[in-house]
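Remarks on the structure that follows.
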Amino acid sequence: MSSSRFAPSGPLRGWLRPPSDKSISHRAALIAAMGEGETRVSGYLDAADTQSTLDAVQELGARVVPIGETLTMEVPPEWKGPGPGKSVGRGYGFRIKGVGLRGAASAAIDVGNAGTLLRLLPGWLAGQEGGHWTLDGDASIRRRPVDRVAIPLLQMGAALSAREDRLPPLEVAGAALHGIEYELPVASAQVKSCLLLAGLLAEGETRVAEPLPSRDHTERMLAAAGVQVERTSTAVAVRPVDRLEPEEIIIPADVSSAAFFLVAALVVPGSELILVDVSVNPTRTGILTILERMGANIERLRESEVGGEPIADLRVRSAPLQATEVGGAEIPLAIDELPLVALAACFAEGTTTIRDAEELRRKESDRIETVTAALRALGGAVEPTEDGMVIEGIGGLRGGTIDSHGDHRIAMLGAVAGLASKEGVEVVGMDAAAVSYPGFEDDLGSLLAR
């Protein structure tokens, strides 16, 4: 376990392209492996979680041929400051020869720390009759429940078993499935995606209703691969297909990774950054809406579309922040970024409330408890609730030492807090950042060195 110290800094200045989107990378590898023929995937995230997915599809029989770094970036025309940020190495490319919808080989799959893989993969495997698979992972994964995907899959006719009926390892025996209409008790893109993948191999229609909209990358990719995806404001449905024929998949930069730099620029006085090629899919941009409501000025530049996903460059400058309330429909649109909302709230004027976010307790750590403990250790005034937090804005943080608890987002939160603190922050377990952002410390340093 590594420790890193992040001292109070001067302004962050420059531009960079954050790493490619983790959610889209997972789905790209899976859907390419489910496809017929060969699919080119460009800009794939090079991180521990997404490597677990590449390893998994190869265990299932897909052939993955690397084609090297696939993204090079030029200085954004709007940037007039000194020097570029990182301009290459922002994603890797592969040619993936799929096994088809029903051709996965039986295997024991190590999902590592990848919760997305753990929850999506059973949907594809459950309908392949005659196969048998075991899904297991690290100590953190073994604490993360799978009952939310197991329960509806069992209703579809799947043959599954789990430790204590809810925890990994998860055993999957392929069986004949039938479509169902399932109402998600909590909005979850992972559960929704699992059921849609299962629906491709099930008899009849599979319809998933959500209480609130969640990220829609799976629906976009399936539609691009030739699936008739029926979407309404509250539900999505698919019917069985014989084959998937994915087009080239190009993966944009991850707004969840960009969010660390957005918040850093807001709370470190004098900062100005441009973040390039960032996904601005409306099911992922809750963090932008929340920060703008708190007083952030985030400009969207060079808006376009790549691989069916809207993208833009984001320019952000430091700004005074005001407290806000976060809850309801915003939660699924910003679930991974809520720890950063809590950090920003420590620097805001007034009391910020985050509610309806009980899902935070089911992440890599119990993020309600770990965020509360971390910010309190740094001098913040934070109270946990059953489904969120209450943060009293005190104008800043003292600094100190925090433990990441093996959670990549807590590690990076500590780094950002250190730059804006009075005394600096020591992050114990900083190596956890490699789960989603292996070069985070280097990128952060490149923006401080100007």
Exercise. Quick check: is even one residue across segment 58-79 part of a helix (DSSP H, G or I) and at pLDDT 95 or above?
Worked result: yes
For this session: Would you be able to tell me the number of residues in segment 313-325 that are farther than 13 Å from Leu16 by Cα and within 19 Å of the chain's Cα centre (by Cα)?
Result: 0
For this session: Output the qualifying pairs, or none if there are none: Cβ atoms under 9 angstrom, residues six or more apart or on different chains, first residue in segment 351-370 and free of Cβ contacts under 8 Å to residues at least 12 places away in the same chain, second residue crowded, with 17+ Cβ neighbours inside 10 Å.
Result: Arg361/Arg367; Arg361/Ile368; Asp366/Leu360; Asp366/His405
Seminar exercise, completed: Counting only residues that are under 21 Å from the mean Cα position of the chain (by Cα) and without any contact (Cβ under 8 Å) to a residue 40 or more places away in the chain, segment 373-397 contains a total of 1
Exercise. Out of all the residues in segment 6-18, is one or more under 30 Å from Ala420 (Cβ atoms) and under 18 Å from the mean Cα position of the chain (by Cα)?
Worked result: yes
For this session: Could you check how many residues of segment 273-308 are within 21 Å of the chain's Cα centre (by Cα), assigned to a loop (DSSP other than H, G, I, E, B) and either surrounded by 20 or more Cβ atoms within 10 Å (Cβ to Cβ) or β-branched (Val, Ile, Thr) (or both)?
Result: 6
Exercise. Which pairs have Cβ atoms under 8 Å, sit 6 or more apart or on different chains, and link a residue in segment 107-120 that is over 12 Å from Pro168 (Cβ atoms) to one that is of a type in the set (A, V, I, L, M)?
Worked result: Ala107/Leu60; Leu120/Leu30; Leu120/Leu197
Exercise. Picking from Val41, Val57, which residue would you name as being in the same structural domain as Met221 (by TED's automatic domain parsing), in contact with a Gly (Cβ under 7 Å, 6 or more places away or on another chain), crowded, with 21+ Cβ neighbours inside 10 Å and at negative phi?
Worked result: Val41
Problem set entry | Residues (free of Cβ contacts under 8 Å to residues at least 12 places away in the same chain and under 18 Å from Tyr182 (Cβ atoms)) located in segment 141-166 | Ile151, Leu154
For this session: Kindly list the number of the only condition in (1) assigned by TED's automatic domain parsing to the domain that holds Pro282; (2) within 21 Å of Ala189 (Cβ to Cβ); (3) more than 21 Å from the chain's Cα centre (by Cα) that fails for Ser256.
Result: (3)
Exercise. Quick check, is Ser42 over 22 Å from Arg243 (Cβ atoms), at pLDDT 95 or above and small (Gly, Ala, Ser)?
Worked result: no
Exercise. How many residues does segment 405-430 contain that are out of contact with any Pro (no Cβ under 8 Å at 6 or more places or on another chain) and either within 18 Å of Pro8 (Cα to Cα) or at pLDDT below 95 (or both)?
Worked result: 15
Exercise. Considering segment 163-172 alone, what residues qualify as being of a type in the set (A, V, I, L, M) and over 13 Å from Gly137 (Cα atoms)?
Worked result: Val172
Problem set entry | Hits in segment 1-40 (condition: under 26 Å from Arg317 (Cβ atoms), touching a Lys or Arg at 6+ places or on another chain (Cβ under 7 Å) and not polar (S, T, N, Q)) | Pro8, Arg13, Gly14, Leu16, Arg17, Pro19
For this session: Report, by residue number, each residue of segment 237-259 that is in contact with a helix residue (DSSP H, G or I) (Cβ under 6 Å, 6 or more places away or on another chain) and either more than 30 Å from Leu12 (Cβ to Cβ) or surrounded by fewer than 17 Cβ atoms within 10 Å (Cβ to Cβ) (or both).
Result: Val238, Leu244, Pro246, Glu247, Ile249
Problem set entry | Filter result for Asp55 (of a type in the set (Asp, Glu) and in a loop (DSSP other than H, G, I, E, B)) | no
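Residues checked against (1) more than 21 Å from Pro19 (Cα to Cα); (2) surrounded by 18 or more Cβ atoms within 10 Å (Cβ to Cβ); (3) in the same structural domain as Val267 (by TED's automatic domain parsing):
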site: Ala381; (1), (2), (3): yes, no, yes
site: Met389; (1), (2), (3): yes, yes, yes
site: Thr401; (1), (2), (3): yes, no, yes
site: Asp407; (1), (2), (3): no, yes, yes
site: Gly414; (1), (2), (3): no, yes, yes
site: Glu423; (1), (2), (3): yes, no, yes
site: Gly429; (1), (2), (3): no, yes, yes
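The values are calculated or read from the model by the stated rules, or taken from the named source; none is laboratory data. Computed from a prediction, not measured in an experiment: that's the story for all the values here. Reconstructed Cβ throughout: ideal geometry from the backbone, glycine too, with neighbour counts over all protein chains shown.
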